[in-house]
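Encoded as structure tokens, the structure appears first; notes follow it.
The values are calculated or read from the model by the stated rules, or taken from the named source; none is laboratory data. If you're wondering where the values come from, they're calculated on a predicted model, not measured in any experiment. Note that each Cβ is placed from the backbone with ideal geometry, even for glycine, and that neighbours are counted across all protein chains shown. Surface areas here come from the heavy atoms of the whole protein model, side chains and all, with no ligands, DNA or RNA. Shrake-Rupley method; radii C 1.70, N 1.55, O 1.52, S 1.80 Å.
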Amino acid sequence: MNPNPNPNPIRLHVISASVRPTSAAHPLAHWAAAQARARFEVTPVDLAEIALPFLDEPEYASTGIYAHAHTRAWSALVDSADAFLFVLPMYNGGFTAPFKNAIDFLYREWQGKPAGLLSYSAGGSGGAPAGRMLRPVLESVGMVPTEASAAVPGITGLVTADGFRAPEGLAAELAAVLDELAALARTPVSA
């Protein structure tokens, strides 16, 4: 049951953008989804469970003509969202290939939808370079990235058997992203 009393809640998909089975994205995304439930109707999405192959559609995504059931299912899932929070690791200074692949499968479904970024890394950057690299990709498919973003440095010390242990200040950092997502999702996109 959705604790959001709003009769027209914003449907936020919190997408875990790593497919590694031991990825810190999973507990971090779970924590972020719990934080977002006060403002949104939240659907957790795990790219590992979606299990898209490398792009195998014969037509360009911009046509919206999908030959494969996995693409049609991914299309319906993405289309059902009003906004997205992407939980993304940084690998070698960038975002993951499976995440880029998932974006590339679709086009119309992303159009005009706001996207917030929650990045992480084992190092001190918190994955912020991956987020900066992702922004132009999101814009090229017509998404509206939030100005605010959140980054989690030193992720390996924050994930325990009990889940993710948020460092001081992260909840406020994420709240700024979520507030901006809500505002953008309520603003009609001008053509």
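Descriptive notes on the structure:
- The residue list Thr71, Phe99, Trp31 was ranked by how far each Cα lies along the charge dipole of the chain toward its positive end, using unit charges on Cβ atoms, and Trp31 comes out on top.
- Taken along the Cα-to-beta-carbon direction at a fixed 7 Å, the label points for Ala76 and Ala166 span 3.3 nm.
- Charge dipole (Cα centre; +1 on Lys/Arg Cβ, -1 on Asp/Glu Cβ; no other charges) of the chain amounts to roughly 140 debye.
- Remark: the Arg20-Ser62 segment gains 12.2 nm on full extension, using 0.36 nm per residue and subtracting the alpha carbon distance.
- Global geometry of region 14-94, whether rounded, prolate or oblate, following the gyration tensor of its Cα atoms and the 1.5 cut on a/c: oblate
- Net length gained if the chain between Ala122 and Ala148 were fully extended (0.36 nm per residue, minus Cα distance): 7.2 nm
- Take every pair of alpha-carbon atoms less than 8 Å apart whose residues are at least six positions apart; their mean separation over the length of the chain yields a relative contact order of 22 percent.
- Region 48-126 - Rg (one decimal) and Dmax (whole number), Cα, Å: 13.8, 43
- In sequence order, region 136-149 has phi-based couplings of x, 5, 4, 5, 5, 9, x, 7, 10, x, 5, 5, 6, 8 Hz under the Karplus curve 6.51 cos²θ - 1.76 cosθ + 1.60, θ = phi - 60°, and Gly or Pro positions carry x.
- Accessible-area composition of region 10-168, carbon plus sulfur, in percent [1.4 Å probe]: 55 percent
- Whole-number D in µm²/s for the chain (Stokes-Einstein; Kirkwood sum over Cα pairs; 37 °C, 0.692 mPa s): 196 µm²/s
- Sparse-neighbour loop sites [chymotrypsin sites (Phe, Trp or Tyr not before Pro); region 89-175; at most 16 other C-beta within 10 Å; DSSP]: none
- Restricting region 5-65 to chymotrypsin sites (Phe, Trp or Tyr not before Pro) that sit in a DSSP loop and have at most 11 other Cβ atoms within 10 Å of their own Cβ leaves Phe54, Tyr60.
- Heavy atoms of the protein chains alone define the surface here; on that basis region 88-191 has 45 Å² accessible area per residue at 1.4 Å probe size.
- Restricting region 1-110 to trypsin sites (Lys or Arg not before Pro) that sit in a DSSP loop and have at most 10 other Cβ atoms within 10 Å of their own Cβ leaves nothing.
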